[in-house]
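Colleague: Below is one structure. I have some questions about it.
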């Protein structure tokens, strides 16, 4: 029976957490993609690995240490970007490589990989606890509330940062708020898709929705639909075929992207 999956408590927890992540990720992803900051998600996810390794090494909650490390890295990236002493991509490269190197060193001190780390790397609905669900829900509420509070301002700076600055908007503050929200989103997605695939969850549904050439709000709506469907379908497939949760979710997203992209290309060829 297809619905027999719901007899397991860990599946219910995983689905709740997955749906929360699926809703929040595109809301941050739309701003990252349009501002050409997609690499930030990848950078912060690699930095979060250092936080997880720190937590595992010292017996702390890896989710909280990952959150703290990611937020600190986000603040550092924004400070370097504002200093104008480094190009944005150079600052991201420094943090990405530095975070990964620190994670490797900490893991070597902790005597390498273990099952727990593997789950953090690639995601696993089996290991999602009720405390994980609460942590994800709290972070998601913070992200959602902040986005609603600064939505118009973030849209303004996304499409015309110079005009936003001239109009008197506190640009540095808004950029700081936004990158912290990105750090929160990366942290809350870790239990579902894992560190190595977080960027894909945040970016791919948005990129897919952009292929439809709709307005801003419609693009967000389609990105949400693609994201939610991919997470739910990926979880079902991973459960019944004993596959990696994070990998299956991302492959589902890529499959949807290919369908949408190929249909758009066929329509363009038809016009010629």
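Colleague: Going residue by residue through region 128-135, is there one that turns out to be more than 21 Å from residue 49 (Cα to Cα), assigned to a helix (DSSP H, G or I) and in contact with a helix residue (DSSP H, G or I) (Cβ under 8 Å, 6 or more places away or on another chain)?
Modeller: yes
Colleague: Please verify whether residue 63 is in contact with a helix residue (DSSP H, G or I) (Cβ under 9 Å, 6 or more places away or on another chain), farther than 30 Å from residue 211 by Cβ and without any contact (Cβ under 8 Å) to a residue 60 or more places away in the chain, treating the condition exactly as stated.
Modeller: On the way: in contact with a helix residue (DSSP H, G or I) (Cβ under 9 Å, 6 or more places away or on another chain): yes; farther than 30 Å from residue 211 by Cβ: yes; without any contact (Cβ under 8 Å) to a residue 60 or more places away in the chain: no.
So residue 63 fails the test.
Colleague: Just to be sure, is residue 191 under 17 Å from the mean Cα position of the chain (by Cα), modelled with pLDDT of 90 or more and closer than 17 Å to residue 249 by Cα?
Modeller: When the stated conditions are applied, residue 191 does not pass them.
Colleague: Let me ask something additional. What number of residues within region 20-38 are over 13 Å from the mean Cα position of the chain (by Cα) and touching a residue at least 12 places away in the same chain (Cβ under 8 Å)? Give the steps one after another, and end with the answer.
Modeller: Looking only at region 20-38, we keep the residues that are over 13 Å from the mean Cα position of the chain (by Cα), and these are 34-36.
Cutting the leftovers down to touching a residue at least 12 places away in the same chain (Cβ under 8 Å) gives us 34-35.
Matching residues across region 20-38 total 2.
Colleague: How about region 27-72: which of its residues are part of a helix (DSSP H, G or I) and farther than 16 Å from residue 190 by Cα? Give the steps one after another, and end with the answer.
Modeller: We begin by selecting, within region 27-72, every residue part of a helix (DSSP H, G or I); these are 27-34, 38-58, 62-72.
Selection gives 27, 30, 31, 32, 33, 34, 38, 39, 57, 58, 72.
Colleague: Regarding region 72-79, can at least one residue be identified that is surrounded by fewer than 24 Cβ atoms within 10 Å (Cβ to Cβ) and within 16 Å of the chain's Cα centre (by Cα)?
Modeller: Looking only at region 72-79, we keep the residues that are surrounded by fewer than 24 Cβ atoms within 10 Å (Cβ to Cβ), and these are 72, 75-76, 78-79.
Still in the running and within 16 Å of the chain's Cα centre (by Cα): none.
No, that holds for no residue.
Colleague: Applying the selection to region 237-257, what residues are buried (at least 16 other Cβ atoms within 10 Å of the Cβ) and touching a residue at least 60 places away in the same chain (Cβ under 8 Å)?
Modeller: 238, 239, 244, 245, 246, 247, 249
Colleague: Residue 243 versus (1) assigned to a helix (DSSP H, G or I); (2) under 17 Å from residue 121 (Cα atoms); (3) more than 20 Å from the chain's Cα centre (by Cα): which is the lone unmet condition?
Modeller: For residue 243, the exception is condition (1).
Colleague: Okay, moving on. Yes or no: residue 24 assigned to a helix (DSSP H, G or I), on the phi < 0 side of the Ramachandran plot, at pLDDT 90 or above and in contact with a helix residue (DSSP H, G or I) (Cβ under 6 Å, 6 or more places away or on another chain)? Explain how you work it out, then say what you get.
Modeller: Numbers: assigned to a helix (DSSP H, G or I): yes; on the phi < 0 side of the Ramachandran plot: yes; at pLDDT 90 or above: yes; in contact with a helix residue (DSSP H, G or I) (Cβ under 6 Å, 6 or more places away or on another chain): yes.
The answer is yes for residue 24.
Colleague: Looking only at region 215-229, decide whether some residue is free of Cβ contacts under 8 Å to residues at least 24 places away in the same chain and not in a helix (DSSP H, G or I). Please lay out each step first, then the result.
Modeller: The first filter runs over region 215-229 and keeps only residues free of Cβ contacts under 8 Å to residues at least 24 places away in the same chain, leaving 215, 217-218, 221-222, 225.
Still in the list and also not in a helix (DSSP H, G or I): 215.
Checked region 215-229: at least one residue is free of Cβ contacts under 8 Å to residues at least 24 places away in the same chain and not in a helix (DSSP H, G or I).
Colleague: Can I ask one more? Considering only residues of region 39-60 that are free of Cβ contacts under 8 Å to residues at least 24 places away in the same chain and either in contact with a strand residue (DSSP E or B) (Cβ under 7 Å, 6 or more places away or on another chain) or over 22 Å from residue 197 (Cβ atoms) (or both), which is surrounded by the most Cβ atoms within 10 Å (Cβ to Cβ)?
Modeller: Going through region 39-60, the residues free of Cβ contacts under 8 Å to residues at least 24 places away in the same chain turn out to be 51, 55, 58-60.
From what is left, the residues that are either in contact with a strand residue (DSSP E or B) (Cβ under 7 Å, 6 or more places away or on another chain) or over 22 Å from residue 197 (Cβ atoms) (or both) are 58-60.
Working: 58: 11, 59: 7, 60: 14.
Filtering first and then ranking leaves 60.
Colleague: Still on this structure: When residues of region 164-210 are filtered for being without any contact (Cβ under 8 Å) to a residue 12 or more places away in the chain and either buried (at least 24 other Cβ atoms within 10 Å of the Cβ) or part of a helix (DSSP H, G or I) (or both), how many remain?
Modeller: Restricting attention to region 164-210, the residues satisfying the condition of being without any contact (Cβ under 8 Å) to a residue 12 or more places away in the chain are 164-168, 170, 173.
Filter once more, so that each one left must be either buried (at least 24 other Cβ atoms within 10 Å of the Cβ) or part of a helix (DSSP H, G or I) (or both): 164-166, 173.
Residues that pass the stated criteria total 4.
Colleague: Report, by residue number, each residue of region 5-21 that is part of a helix (DSSP H, G or I) and more than 15 Å from residue 237 (Cβ to Cβ).
Modeller: Within region 5-21, 6, 7, 9, 10, 12, 13, 16, 17, 19, 20, 21 meet the criteria.
The values are calculated or read from the model by the stated rules, or taken from the named source; none is laboratory data. Keep in mind that this is a model prediction, so the values were computed, not measured. When we count neighbours, we look across all protein chains shown, and the Cβ atoms used for this are built from the backbone with ideal geometry, even at glycine.
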